[in-house]
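Shown next, in structure tokens, is the structure this report addresses.
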Amino acid sequence: MPVTPAFSLRQVQQSRGAVQTLRGIDLDVPAGEVVAVVGPSGAGKTSLIRLLNRLDDPAGGSVAYRGEPIDSIPVRALRRRVGFVFQAPVMFAGTVTENLLVARDLAFGATPPMPPMPTKVADPDQALLLAGVDPALAARDARTLSGGEQQRVSIARALMTQPEALLLDEPTSALDPDVAGQLMATIGRLADTMQLTVVMVTHRLEEARAVSTHVVFMEGGRVIEAGPTAVMFSAPTETRTRDYLLRGA
């Protein structure tokens, strides 16, 4: 029996001002996988993932989440199920724990979450541990943390909504290679432990190769090729994919 993709995009168009950023995107994002979206600057990678929890809506075409039209899902409910971690972490005023509780309260309001499943997050300390943050930092002012620590707190904060999917936009772009590698290892473990669908934009092909199970290669606002990571890095079908991946790997 076919498995319903986490996200399905059909003939998706997007524009930013007079610039068309996405051109006829047809793509199925497999559920329960770590999917790396790669391509040159200006390829449309961030424009694509911003559609997946309705930070933006497409100018044309359709997007579905788990078989349901994404615009039929209330935005608050969608963003509870599909978390987003931005390229530059933004910490709210207050402690690390308070940052996490803000996310939970925004997601659930006055309605407490159902008792979590074994793969879901029960409290801030658990979220911090899953994201690789020392719980001893819980009482620290979040804005005094290092860049790598703040990015991990951003991930922990996203986990507080008990998401089914996690979107990451260049999460390591401001980090040095060692810290970036540690964060990528954490993301890989997290996807496995939490049974999450992870979609991450990255400009570091070594990250895509090491952590992802699937790769989407974009260029000029189009999906040129998509498939399992091992195949995409060893035997891509398209010449443009081969040139980009092999040149940068």
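The values are calculated or read from the model by the stated rules, or taken from the named source; none is laboratory data. This one's a predicted model, so the numbers in the text were calculated from it and none came from an experiment. Don't worry about glycine lacking a Cβ; one is built from the backbone with ideal geometry, like all the others, and counts go over all protein chains shown.
Scan region 40-77 for residues that are small (Gly, Ala, Ser) and farther than 13 Å from Val29 by Cβ and jot them down.
Within region 40-77, Ser41, Gly42, Ala43, Gly44, Ser47, Ala59, Gly60, Gly61, Ser62, Ser72, Ala77 meet the criteria.
With the requirement that a residue be of a type in the set (S, T, N, Q) and at pLDDT below 90, what does region 94-123 give you? Listed by number, the residues that qualify are Thr111, Thr119.
Here Asn53 meets each of (1) of a type in the set (S, T, N, Q); (2) more than 24 Å from Ala208 (Cα to Cα); (3) buried (at least 18 other Cβ atoms within 10 Å of the Cβ) with one exception, condition (2).
Suppose we keep only residues that are free of Cβ contacts under 8 Å to residues at least 24 places away in the same chain and hydrophobic (A, V, I, L, M, F, W, C) within region 1-39. Which one would you say is farthest from Gly188 (Cα to Cα)? For region 1-39, the residue satisfying everything is Ala18. Within region 228-241, the set of residues being under 17 Å from Glu206 (Cβ atoms), over 22 Å from the mean Cα position of the chain (by Cα) and free of Cβ contacts under 8 Å to residues at least 12 places away in the same chain comprises just one member, Ser234. Restricting region 143-173 to residues that are among the small types (Gly, Ala, Ser) and more than 18 Å from Val121 (Cβ to Cβ) leaves a set whose member that is farthest from the chain's Cα centre (by Cα) is Ser146.
Annotation note: of Gly61, Gly17, Gly39, the sole residue that is surrounded by 23 or more Cβ atoms within 10 Å (Cβ to Cβ) and over 25 Å from Pro163 (Cα atoms) is Gly39. Taking each residue of region 80-106 that is farther than 13 Å from Met160 by Cα and looking for partners that are of a type in the set (A, V, I, L, M) and assigned to a helix (DSSP H, G or I) with beta-carbon atoms closer than 6 Å, six or more apart or interchain, yields Met91/Ala142; Phe92/Val102.
Among all residues of region 174-185, there is at least one that is under 16 Å from the mean Cα position of the chain (by Cα) and surrounded by fewer than 20 Cβ atoms within 10 Å (Cβ to Cβ).
Could we say that Gln126 is out of contact with any helix residue (DSSP H, G or I) (no Cβ under 8 Å at 6 or more places or on another chain) and either part of a loop (DSSP other than H, G, I, E, B) or at pLDDT 90 or above (or both) here? Against the criterion (out of contact with any helix residue (DSSP H, G or I) (no Cβ under 8 Å at 6 or more places or on another chain) and either part of a loop (DSSP other than H, G, I, E, B) or at pLDDT 90 or above (or both)), Gln126 qualifies. Scanning region 64-80 for residues that are surrounded by 18 or more Cβ atoms within 10 Å (Cβ to Cβ) and of a type in the set (S, T, N, Q) returns no hits.
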